[in-house]
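Derivation of every value follows stated rules applied to the coordinates shown; laboratory data play no part. Keep in mind that what you see is a predicted model, and the values were worked out from it rather than measured. Counting neighbours? That spans all protein chains shown, and the Cβs are built from the backbone with ideal geometry, glycine included.
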Amino acid sequence: MRQVLFILLWIAVGCKAWGSPMPQSTAAHFCQLMVLDADGKLKSIGAFANGDTQLFVEYVFQHDGWRDLRIFPHGNHWYAATDMLPTSLDHEHQRYIQEVFPRIIKEVEMEHWQTVDAYIDRLLEYQRTFSDNTPVRSTGGILHTLLIFLFFLLFLSIGLWRRFNFS
């Protein structure tokens with residue numbers, strides 16, 4: 001019985017990496033980062049997490065999920081922190097990729113949310129600077145629908161113009 005209680009206590013302590021949950025604004029800020037998914041599609045972490053951002057953020061920071069996220073671009077290639085990095089990446093890039101998340105996690109554990117947001121800002125800037133990819137946008141369907149609607153209006157107006165001009 002004592003062993004079961006000890007295991008339950010260990011699980012309860014282990015599941016709580018920081019005293020209070022990450023603020024929603026910081027979680028949303030983190031979910032603006034881009035990630036290359038297993039299908040080779042580039043999208044925001046928020047889209048990658050399918051809208052369950054708070055649970056995904058907890059997975060990333062509390063359960064080392066950051067190790068497999070391909071969020072570090074170098075041209076057309078995106079790397080995770082634990083990937084074997086190419087020699088074409090200079091030492092500073094390699095060091096940043098390998099060390100940024102452990103540093104963020106320390107700040108999360110101390111609940112220094114402004115510092116965490118600053119790290120996220122630097123990550124966003126890193127992605128903009130070193131990526132040759134264009135992010136996948138969710139507005140593609142809306143854009144196609146709008147174009148079809150505009151062509152429909154164009155053909156409708158041409159038909160009406162011919163009808164009233166030739167009558």
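Which length gain, in nm to one decimal place, applies between T87 and S20 when the Cα-Cα distance is subtracted from 0.36 nm times their residue separation? Before the final figure, lay out the partial values.
Numbers: separation 67, 0.36 × 67 = 24.12 nm, distance 4.04 nm.
Contour length minus Cα-Cα distance gives 20.1 nm.
Based on a Kirkwood Rh over C-alpha pairs, give the Stokes-Einstein translational diffusion coefficient of segment 33-135 at 20 °C and viscosity 1.002 mPa s in µm²/s. Walk me through the numbers before you get to the answer.
Values: Rh = 14.0 Å.
It comes out at roughly 153 µm²/s.
Relative contact order (percent) for segment 28-71, with alpha-carbon contacts under 8 angstrom and 6 or more residues of separation?
Across segment 28-71, relative contact order equals 38 percent.
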**Asked** If the chain between D68 and F164 were fully stretched, how many nm would it gain, using 0.36 nm times the residue separation less the Cα-Cα distance?
**Response** 28.2 nm
**Approximate spin-label separation R103-Q54, in nm, with each point projected 7 Å along Cα-to-Cβ** = 3.0
